[in-house]
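One structure below.
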Amino acid sequence: SDGSIRLHQMTSEYPLMQWNDSTKGQPIIALQWALTRPAVFFALDASSNIYIWDLLENDLLPVAKQTIPSEKVVTMTLLGEPEKANGLLGIVLAKESGQIEIQYVKKKWALP
């Protein structure tokens, strides 16, 4: 609820990494690992900002931020085919109006 993200290992109650105020205090409403690239995850905050984290490139800050300006995004999920090496990765956004939008991710964050 405060924008903090914690990375846990299943064998410990303490986080391996913790990023405080990663969304400038906005609650995170969805977070998902990339299906095609294990070191990348996406976070959606309550202000319809999507943050892309690539832990191999930078483990302190997100490598990109995209604002969805048209209307409020209420949730997101990722689509892709992890068993294929084509690097196709998409973000499915559900908007407040009920509209669904699919955006494709740059290859550098999607390739295995």
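The values are calculated or read from the model by the stated rules, or taken from the named source; none is laboratory data. All of these numbers come straight from a predicted model, not from anything done at the bench. All Cβ positions, even for glycine, are placed from backbone atoms using ideal geometry, and neighbour counts span all protein chains on display. Just the protein is used for accessible areas: all its heavy atoms, side chains included, with ligands, DNA and RNA removed. Shrake-Rupley method; radii C 1.70, N 1.55, O 1.52, S 1.80 Å.
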Q.
Looking only at strands (runs of 3 or more DSSP E) that lie completely in the stretch 47-112, which have at least 2 residues being open to solvent by 30 Å² or more (accessible area, probe 1.4 Å) and out of contact with any Cys (no Cβ under 6 Å at 6 or more places or on another chain)?
A. 64-67, 73-80, 100-104
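How many residues are in a loop (DSSP other than H, G, I, E, B) and closer than 14 Å to Val105 by Cβ when one looks only at the stretch 1-43? Steps first, answer last, please.
So the first thing to find is which residues in the stretch 1-43 are in a loop (DSSP other than H, G, I, E, B), and the list is 1-4, 9-14, 20-27, 34-39.
Narrowing the set further to residues that are closer than 14 Å to Val105 by Cβ leaves 34-37, 39.
Qualifying residue count, the stretch 1-43: 5.
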(Q) I'd like the full set of residues that are modelled with pLDDT under 85 and at positive phi, limited to the stretch 81-112. (A) Gly87
Q: Write out, first by first residue and then by second, each pair whose Cβ atoms fall under 7 Å of each other, whose residues are 6+ apart or on separate chains, and whose first residue, in the stretch 47-71, is among the aliphatic types (A, V, I, L, M) while the second is at pLDDT below 90 and surrounded by 15 or more Cβ atoms within 10 Å (Cβ to Cβ).
A: Ile52/Trp109
